[in-house]
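Below: the structure, in structure tokens.
The values are calculated or read from the model by the stated rules, or taken from the named source; none is laboratory data. Note that the structure is predicted; figures quoted are calculated from it, not measured. Methodologically, a virtual Cβ is constructed for each residue, glycine included, from the backbone with ideal geometry; neighbour enumeration extends over all protein chains shown.
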Amino acid sequence: MKRLWWLVVVIVFLIIADQLSKGAVESYYQLGESTPVIENFFHITYVQNTGAFWGIGQSWSEALRKFVFLFLSSVIALGVIYLFLKTIKGSIIQSWGLTLIIAGAIGNLMDRFLLGYVIDMFDFFIIYHETTYRWAVFNIADACICIGMGLLIYDEFFIKKKELKEKR
């Protein structure tokens, strides 16, 4: 039970950090405005993403975007919360992975419900031989989801696989 409360505190902290960072970018930047943090590598860039990761679905009709990004995302988030509560006494890596995914999902869902889009701001790119290689602009919630998925994959394919071998 103690683990559950600590992880809930982490979820709340990450949601607050995500929302504060998005609010700051929206308050201080014009849409599309960018400030270099590390020249030619990392900028803070204000982007409004009406799609999913890497902008997938931005060209869909508004009705389809609302269905997928509000309804289905909410159902999936509830499913992850259920899995989190069901497996809370399991692997600590799995618990942390689900914690990060829940925080990220809630942070982005709050944007979608309140604004109709997700605010992104972390813009990484490399210029090599006059060609720009750019990563998708993202936010704290997106980072939480990706790191959480990485932890779940690590837990499943390395930790649990090792435990199965040891049992044999």
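Summary table
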item	result
Matching residues, the stretch 87-138, being under 17 Å from LEU151 (Cβ atoms), of a type in the set (A, V, I, L, M) and surrounded by fewer than 21 Cβ atoms within 10 Å (Cβ to Cβ)	ILE88, ILE92, ILE93
Residue satisfying all of: in the stretch 126-168; farther than 30 Å from MET110 by Cα and β-branched (Val, Ile, Thr); modelled with the lowest pLDDT among these	ILE159
Residue, surrounded by the fewest Cβ atoms within 10 Å (Cβ to Cβ), within the stretch 34-67, restricted to residues that are assigned to a helix (DSSP H, G or I) and touching a residue at least 12 places away in the same chain (Cβ under 8 Å)	TRP54
Pairs, first over 15 Å from ILE15 (Cα atoms) and in contact (Cβ under 8 Å) with a residue 12 or more places away in the chain in the stretch 106-131, second of a type in the set (Lys, Arg) and surrounded by 15 or more Cβ atoms within 10 Å (Cβ to Cβ), C-beta under 8 Å, six or more apart	MET121/LYS22
Residue list for the stretch 110-144, restricted to those being part of a helix (DSSP H, G or I), within 23 Å of LEU64 (Cα to Cα) and in contact with a helix residue (DSSP H, G or I) (Cβ under 6 Å, 6 or more places away or on another chain)	ARG112, ALA141
Only one of LEU72, LEU31 that is at pLDDT 95 or above, of a type outside the set (Lys, Arg) and either in a helix (DSSP H, G or I) or more than 15 Å from the chain's Cα centre (by Cα) (or both)	LEU31
